[in-house]
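Report on the following structure.
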Amino acid sequence: MVHAVSGVSLEIYKGETLSLVGESGCGKSTLGRMMMRLIEPTEGQIFFEGKDITAFSESQMIQVYKKIQMIFQDPYASLDPRMKVRDLIGEPLLTHRVCAGKEETDQRIKELMHMVGIRPELIDRYPHQFSGGQRQRIGIARALALNPRLIVCDEPVSALDVSIQSQILNLLKDLQQEFDLTYLFISHDLGVVHYISDRVCVMFLGKICEIGETGEIYEKPLHPYTRFLLQAVPDMDPEKVQKREQILTGEIPSAVNPPSGCRFRTRCPYAGDICRDKEPEIRQLGDRKVACHFPLG
Ligand code: SF4
């Protein structure tokens, strides 16, 4: 069995945006889905609002899903093209019998459309009649319908034009403030992550490398992989490009047969013998948590 994610321990604090970052295949989306039990963990526990939801029954999970929602990467694929906005946003309201009748449901749908910046009179339009950014707004309205506490945002802007990305990110920030939302934000885009996150969790091949406050991590990464990721952000400064080349050694290892010891060791210019023999445990360094035998100074 291939473990996409293993030995991971992570807390998300109320009202914060915690981002999971890493290259594709690092397990960040798997971890996000696992937290919602859309993928069942083979071992370990998931707590939500102090309750262990790992063994919750389907009916208990229905109650949890009122409080945990998801925004998907591709607004083109995540909205059923045969459904009108009315039905797309109204579906969770009807499923959970939130509103008393048709009038109240319509009123709530329009209120949600207004919240995300879509004109309520467009309630009977279909997804293809909207732009990509508008479709993502509809996806957000649908996620907000049940007044969730936590929203898992899985690459919510990566399918959008750069000019639209900041509008959606600002919308997410505004909604977070207004409704005291907590976000688990999954992204490979370090620029987006810097803009939206309070804390960042860096993953490599199914393991956490480093967790910490966003400004501190970007200012002074302690894990060699975090530094590599930050240096890989496009930059025209030739000095930085040269530094980047120094750290880019080795092939990306396979998740099926990961290296012994530290999974990053085949690409890490700082690797020593212990890195091959012993997997680094995650440990507290100041306000940071880092899994590295030789954290950067
Ligand atoms: Fe590099 Fe060793 Fe740290 Fe892994 S544990 S990141 S190989 S220095």
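The values are calculated or read from the model by the stated rules, or taken from the named source; none is laboratory data. What you are looking at is a predicted structure, and each value in this text was computed from that prediction instead of being measured. FYI the Cβ positions are ideal-geometry reconstructions off the backbone, even for glycines, and counts take in every protein chain you see.
The residues of the range 258-276 that are more than 23 Å from the chain's Cα centre (by Cα) and under 22 Å from residue 9 (Cα atoms), listed by number, are 258, 259, 260, 261, 262, 265, 275.
Just a yes or no: is a residue in the range 94-105 in a loop (DSSP other than H, G, I, E, B), in contact with a Ser or Thr (Cβ under 9 Å, 6 or more places away or on another chain) and farther than 23 Å from residue 154 by Cβ? Yes, the range 94-105 contains at least one residue that is in a loop (DSSP other than H, G, I, E, B), in contact with a Ser or Thr (Cβ under 9 Å, 6 or more places away or on another chain) and farther than 23 Å from residue 154 by Cβ. The set of residues in the range 253-297 that are closer than 22 Å to residue 24 by Cβ, more than 8 Å from the ligand (Cβ to nearest atom), surrounded by 13 or more Cβ atoms within 10 Å (Cβ to Cβ) and among the hydrophobic types (A, V, I, L, M, F, W, C) contains only 255. When the criteria are applied in full, residue 40 fails the requirement of being at pLDDT 90 or above and exposed (fewer than 15 other Cβ atoms within 10 Å of the Cβ).
Among the residues of the range 39-64, those that are part of a helix (DSSP H, G or I) and under 23 Å from residue 28 (Cα atoms) comprise 61, 64.
Those residues that are crowded, with 16+ Cβ neighbours inside 10 Å and within 26 Å of the chain's Cα centre (by Cα), I need them from the range 87-103; list them, please. Once the filter is applied, which keeps residues that are crowded, with 16+ Cβ neighbours inside 10 Å and within 26 Å of the chain's Cα centre (by Cα), the range 87-103 yields 88, 89, 90, 92, 93. All conditions but one from (1) within 16 Å of the ligand (Cβ to nearest atom); (2) modelled with pLDDT of 95 or more apply to residue 206; the one that does not is (2).
Okay, residues lined up against (1) surrounded by fewer than 20 Cβ atoms within 10 Å (Cβ to Cβ); (2) at pLDDT 95 or above:
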{"site": "174", "(1), (2)": "yes, yes"}
{"site": "177", "(1), (2)": "yes, yes"}
{"site": "184", "(1), (2)": "no, yes"}
{"site": "189", "(1), (2)": "yes, no"}
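Taking (1) over 27 Å from residue 63 (Cβ atoms); (2) touching a Gly at 6+ places or on another chain (Cβ under 9 Å); (3) part of a loop (DSSP other than H, G, I, E, B) in turn, residue 156 satisfies each apart from (1).
For the range 188-222, a tally of residues being part of a helix (DSSP H, G or I) and either free of Cβ contacts under 8 Å to residues at least 12 places away in the same chain or hydrophobic (A, V, I, L, M, F, W, C) (or both) returns 7. The single residue among 106, 80 that is surrounded by fewer than 19 Cβ atoms within 10 Å (Cβ to Cβ) and out of contact with any Lys or Arg (no Cβ under 9 Å at 6 or more places or on another chain) turns out to be 80.
For residue 237, the requirement of being more than 16 Å from the ligand (Cβ to nearest atom), more than 28 Å from residue 133 (Cβ to Cβ) and modelled with pLDDT under 95 is met.
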